[in-house]
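Below: the structure, in structure tokens.
Laboratory data are not the source of any read-out in this text; all were calculated from the coordinates shown. All values reported here derive from a predicted model rather than from experimental measurement. Cβ atoms come from the backbone with ideal geometry, glycine included; neighbour counts cover every protein chain shown.
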Amino acid sequence: MATFTRIEIAQTMHRTGLVPLFYHADVTIGKRVLRACYEGGARLLEFTNRGDYAHEVFGELNRFCRAELPEMIMGVGSVTDAAAASLYMQLGANFVVTPVLREDIAIVCNRRKVLWSPGCGSLGEIARAEELGCEIVKLFPGGTYGPGFVKAIRGPQPWTTIMPTGGVAPTEESLRSWFEAGVACVGMGSKLISGEIIKNKDWTGLTETVRKTLEMIQRLR
């Protein structure tokens, strides 16, 4: 079962403004990434469901968080069907992120009161997601639509809460454009947790990058 309520998770997304995305098959590397992000101030991490046995890695990492990083909220991304969502919720996923709008995933997550964030790319999809109980909509791929899309959507729908993923970089220029457009938070993967960082095992560098990114977000809001 989830450790955190969907209300707590939505509030944390709003408060910190950042959801790091990460996948690696090596549990040891996963633990180092989690600790580095945690020490940098991140309190959310989306583990992407991309490789064979990814759910087993997720289970190990989630247990690690509960034991050693008690404020870290681990969720799962790249979930494409209700069965996968249910599997990860059995492993304690606190939130579920999908690349597309799937009503079957909405149903199983709502049944357990787990926050779910579907990838949407049109006003119609966003409206339908909200009708299904979505609190924070994932704009995906964010780089395709851009901050202008967010600003246009929030004109007629100021209640809509958006998290772009893809097309967001840990730079002042990128973050300013998104937050001035009205996003609640941003999802960031390889531009935050780069392949170079993983290759060099530069955990201190990752901690500093996360800390500086969070500081920029708070300053730009």
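Structure summary
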| item | result |
| --- | --- |
| Added length on full extension, which subtracts the Cα-Cα distance from 0.36 nm per residue, A152 to I7 | 49.6 nm |
| Cα gyration tensor category, rounded, prolate or oblate, for region 1-127 with a/c compared to 1.5 | prolate |
| Ranking of D202, D52 by count of other Cβ atoms within 10 Å, fewest first | D52, D202 |
| Most mobile listed residue (P147, P156, P20) in the chain, GNM with C-alpha springs under 10 Å | P156 |
| E131 versus K201: modelled label distance in nm, points set 7 Å from Cα along the beta carbon direction | 5.3 nm |
| Cα→Cβ-extended label distance, 7 Å offset, between R219 and E172, nm | 0.6 nm |
| Sum of -39500 (n - 2.57) over DSSP H runs of 4+, divided by residues of the chain (222 nm, nearest 500) | -15000 deg cm²/dmol |
| Loop-located chymotrypsin sites (Phe, Trp or Tyr not before Pro) in region 1-88, at most 14 other Cβ atoms within 10 Å (DSSP) | Y53 |
| Listed candidates (1) 25, 22, 14; (2) 32, 22, 14; (3) 39, 25, 18 - label of the one calculated as semi-axes √(5λ) of the Cα gyration tensor in Å | (1) |
